[in-house]
1. With a 10 Å Cβ neighbour count serving as the proxy for reagent exposure, in which order, fewest first, do Met125, Met25 appear?
2. Over 22 Å between C-alpha atoms is what I'm after, so list which of Lys219/Lys248; Lys27/Lys49; Lys127/Lys248 land there.
3. Suppose every Lys and Arg Cβ carries +1 and every Asp and Glu Cβ carries -1, with no other charges. What dipole size does the stretch 1-85 come out with about its Cα centre, to the nearest 20 debye?
4. State the extension gain, in nm to one decimal, for the chain segment bounded by Phe12 and Ala303, taking 0.36 nm per residue of separation less the distance between their alpha-carbons.
5. Taking square-rooted eigenvalues a ≥ b ≥ c of the alpha carbon gyration tensor, is the stretch 131-276 rounded, prolate or oblate, where a/c under 1.5 means rounded and, failing that, a/b exceeding b/c means prolate?
6. Suppose a student asked you for the relative contact order of the stretch 1-151, using Cα pairs under 8 Å spaced at least 6 residues apart; what percent would you report?
7. Would you pull out the residues with amide H under 5 Å of Val132's amide H, same chain only if 5 or more places away, H placed 1.01 Å from N?
8. Explain nothing, just compute: Karplus ³J(HN,Hα) = 6.51 cos²θ - 1.76 cosθ + 1.60, θ = phi - 60°, for every residue of the stretch 39-56 in order, whole Hz, x for Gly and Pro.
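A short reminder: the numbers here are calculations on the coordinates, not readings from a lab. Here the structure is a predicted model, which means the values were calculated and not measured. We place every Cβ from the backbone using ideal geometry, glycine too, and count neighbours over all the protein chains shown.
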Amino acid sequence: MSQSTISTFQLFQMFPDAETARIYMEKRLWPNGPTCPCCGLGERITTRKDGFYRCNQCQEDFTVRTGTIFERSHVPLHKWLYAMYLLVTARKGISSMQLAKEIGITQKSAWFVLHRIREACGKDMKKLQGIVEVDETYVGGKEKNKHESKKLHEGRGAVGKTAVLALRERGESGRTVGFPVASVDSETIHAEIRAHVEAGSTLHTDEAVVYSGLEPAFKHESINHSAREFARGNVTTNGIESFNALLKRGILGVYHHVSPKHLPRYVNEFSFRLNEGNVRNHTTQRLDSLIRRSAGKRLTLEALTNA
């Protein structure tokens with residue numbers, strides 16, 4: 001067994017029931033003791049039964065679930081932890097059908113659980129810097145494989161697909177950010193790069209014309225793939241292309257179909273797993289990071305299905 005991970009058997013030993021999971025989550029979300037999610041204070045808190053607390057400042061009752069992705073969920077917390085464990089350790093993700101079988105809930109509930117966890121994955125808002133690889137990819141079915149009523153009859157290639165722009169910081173951190181974009185034109189791509197990359201950084205891209213004109217805000221090196229050039233010294237986009245390939249293989253092999261409406265959360269999931277999946281990060285560290293991100297990320301079924 002690798003020293004950077006734990007087995008499912010060990011996980012069940014650590015969290016045999018909802019109570020042990022609750023205590024574990026409280027220590028991660030409230031390292032200095034219970035804090036009211038309504039007023040943000042933690043001085044006048046009264047402990048009640050079954051994991052409930054009363055804030056004597058604003059007279060509100062709350063639990064560790066309040067204001068998080070776990071709020072108003074009937075799924076026990078130790079099952080939530082197992083679902084999170086599966087999502088951070090499965091290289092290409094886990095389907096709602098498989099999760100339903102693993103933790104004994106309905107497929108619809110498993111689908112909702114997974115989307116709540118993806119909501120917690122969220123993208124890191126800290127800008128990338130240094131050498132940053134940039135590449136775009138397209139997610140969606142091929143026109144020739146679609147039912148006649150769903151074909152757009154506008155050509156082949158990227159027609160009918162959703163564009164995803166991905167950026168990866170070279171070096172030890174290897175931080176990756178990905179998100180769908182409405183259009184793959186110079187104006188859109190340049191704006192997204194400026195929003196996610198520190199000025200003065202070095203960009204490595206392919207020869208696509210949309211990446212032209214990024215100087216002088218950035219240093220820019222490109223690889224000419226059409227001439228079968230894949231690396232020139234340290235100039236390459238192999239890292240971000242690997243991320244895009246993994247994203248597409250996960251969607252194709254595990255999820256099979258992802259609607260444009262929910263695609264941003266799936267991209268966040270793959271980004272989080274890569275960013276937190278370094279072998280130096282123990283599985284419990286990845287779980288801790290995901291639990292901390294769950295605060296303030298409540299997602300209701302209405303918001304999810306009506307978005």
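1. By the 10 Å Cβ count, ascending, the order reads Met125, Met25.
2. Violating the 22 Å Cα-Cα cut-off are Lys219/Lys248; Lys127/Lys248.
3. Details: 10 positive and 8 negative charges, 2 e Å.
It comes to approximately 0 debye.
4. Length gained, Phe12 through Ala303: 101.5 nm.
5. The shape class here is prolate.
6. The value is 15 percent.
7. Hits under the 5 Å cutoff: Arg170, Thr202, Leu203, His204.
8. My calculation for the stretch 39-56 gives 9, x, 9, x, 7, 10, 10, 10, 7, 10, 8, 6, x, 8, 9, 10, 8, 7 Hz in order.
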